[in-house]
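Working notes, structure below.
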Amino acid sequence: MARRKSAVESVGLKGFWKNRRVFLTGHTGFKGAWLSLWLHRLGAEVTGYALEPPTQPSLYELCGVDTLVKSVVSDIRDGDKLSRSMADSRPDVVIHMAAQPLVRESYRDPVETYSTNVMGTVNLFEAVRKCASVRAVVNVTTDKCYENRESVMGYRENEPLGGYDPYSSSKACSELVTSAYRSSFFNPRDYKTHGVGVASARAGNVIGGGDWAQDRLVPDCVRAILKQEKIRVRNPRAVRPWQHVLEPLSGYLTLAQRLVEDGPAYAEGWNFGPEDHGAQPVEWIVRRFCKAWGPGASYEVDKGEHPHETHFLKLDCSKARTRLGWSPRWNLEDAIDRVVAWTRAYKEKGDLREVCLRQIGQYENSPLGQIS
């Protein structure tokens, strides 16, 4: 029997990213820090642009990511600074992840949410227009950008955009901005003239070691465990498409590579979510986390009043599977086990960069078709 290709072999990531210049916004955040570590491992030359780390502690600081990338600390809403920084770095690839990423925070400060997530995207594309080196742009939004009808069917990329809360709405707006700039300035029909492939990426709820965000399920679990407290669970029956953070990051890397190689063919919106088993209720996740942690882990349902959040959300990722050759590699139980392993290393004051790089290596070597 022929050996199955690994996740990295299947898309040729290692060779493509060697010495590739990448401009990454939001590199000090949870997903941005993981992506910075992976890009460095692949040999890319990364310039990061973001505010100071949004949490204390932060994965960015715990892993010393600032020693691996060129870091520009500034606001995505500062269009002039953004344009200068991008021009100075002369990137081939731009990956836009800077955002206000939390639903509950968007209720507390909708103005900042819209200004960051909408005008920040406008500033990003204006900077790209002025930077002749750029060949590919991936704007990372969210699964919540769709007009949610609480359907049990997964949302496809051609379905209507929407958003009940300011965060979801702002990300739908960011998708519209992306579409408008692609049509107006980076139209695939005129690719021979401008040479830039523009796409957006919509991922599900990500989990992974080093996420310390407020009002997010797994970080709430981690904080409670470390304090030896009960985990308090909001919206226990809400269903989300959960996945390890490396899953969508592999999708972004694959999409960016395809855009460089053949921009017109991939300049669209793309979903990167888990298999059907990854769509589970909140209480299932907490129960599995407690089981993985062992003695001392328990939870209770918070019966207080909470802002509206979508009850059921699921993505259809068949387009990425068939056209990009991308598919998830780890099942949800494995993803939770890796979060627990990372958290134990943190508690025991281990080498967290080494833990992250080891998990990235495990993901790189995961064979296609691992998930049944």
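Every read-out reported here was derived from the displayed coordinates using simple, explicitly stated rules and does not represent laboratory data. These numbers were taken from a predicted model, which means no experiment stands behind them. Note that each Cβ is placed from the backbone with ideal geometry, even for glycine, and that neighbours are counted across all protein chains shown.
At 0.36 nm per residue, and after removing the present C-alpha to C-alpha distance, how many nm does the segment from N365 to A265 gain when stretched out fully?
33.2 nm
Can you compute the modelled spin-label distance between R129 and R21, with each label point 7 Å from Cα toward Cβ, in nm?
2.2
What full-extension length gain, to one decimal in nm, is calculated for D78 and E348 as 0.36 nm per residue of separation minus the Cα-Cα distance?
Computed gain between D78 and E348 is 93.2 nm.
Can you give the FRET efficiency to the nearest 0.05 for K192 and E300, using r as the Cβ-Cβ distance and R₀ = 51 Å?
0.25
Past the 29 Å Cα-Cα mark, which pairs from K230/K347; K192/K314; K31/K227; K227/K303; K31/K192; K18/K192?
Checking Cα-Cα distances, K192/K314; K31/K192 exceed 29 Å.
Helix 120-129 versus the longest principal axis of the chain: what is the Cα-based angle in degrees, 0 to 90, to the nearest 10?
For helix 120-129, the angle is close to 30 degrees.
Rank M119, M153, M86 by mean-square fluctuation in a GNM of the chain with C-alpha springs under 10 angstrom and give only the top-ranked residue.
Among M119, M153, M86, the largest GNM mean-square fluctuation belongs to M153.
Restricting attention to segment 238-303, which trypsin sites (Lys or Arg not before Pro) occupy a DSSP loop and are surrounded by at most 13 other Cβ atoms within 10 Å?
Loop-located and lightly packed - K303.
With each label point set 7 Å from Cα along the Cα-Cβ vector, what nm distance links K319 and E52?
With each label point 7 Å from Cα toward Cβ, the separation is 4.0 nm.
Give the separation of the Cα centroids, segment 98-146 to segment 14-91, in Å.
15
Around L176, with a cut-off of 15 angstrom between Cβ atoms, what is the net charge of the other residues, counting Lys and Arg +1 and Asp and Glu -1?
Spelling it out: positives minus negatives among the neighbours equals -1.
Anyone know which of H27, H96, H277 comes out most mobile in the 10 Å Cα GNM of the chain?
H277
With a cap of 15 neighbouring Cβ atoms within 10 Å, and only residues DSSP puts in a loop, list the GluC sites (Glu not before Pro) found in segment 154-256.
When the GluC sites (Glu not before Pro) of segment 154-256 are filtered for loop state and at most 15 Cβ neighbours within 10 Å, E229 remain.
What do you get for trypsin sites (Lys or Arg not before Pro) in segment 142-201 restricted to DSSP loop and a cutoff of at most 16 other Cβ within 10 Å of the site's Cβ?
The qualifying sites are R149, R156.
Quote to one decimal, in nm, the extra length available between K230 and H277 on full extension: 0.36 nm per residue of separation minus the C-alpha distance between them.
Gain on extension, K230 to H277, equals 14.3 nm.
Which order results if L324, L249, L315 are arranged by neighbouring Cβ count within 10 Å, fewest first?
Least crowded to most crowded, the residues run L324, L315, L249.
Specify which labelled value, from [x] 5, 18, 20, 19, 18, 12, 5, 2, 1, 0; [y] 5, 23, 30, 23, 12, 5, 1, 0; [z] 5, 25, 36, 26, 7, 1, 0, agrees with P(r) over Cα pairs in 10 Å bins from 0, in percent derived from the coordinates of the model shown.
It is the one labelled [z].
List every residue whose amide H lies under 5 Å from the amide H of G197, counting only residues 5 or more places away in sequence or on a different chain, with H placed 1.01 Å from N in the peptide plane.
The list, which skips near neighbours in sequence, is A136, V137.
Can you list the residues of segment 116-148 with backbone N under 12 Å from a point 7 Å past the Cα of F185, pointing along Cα to Cβ?
121-132
Enumerate the amide H contacts of L161 below 5 Å, restricted to partners 5 or more residues apart or on another chain; note that Pro and chain-start residues carry no placed amide H.
Amide H neighbours of L161, under 5 Å, 5+ apart: E147.
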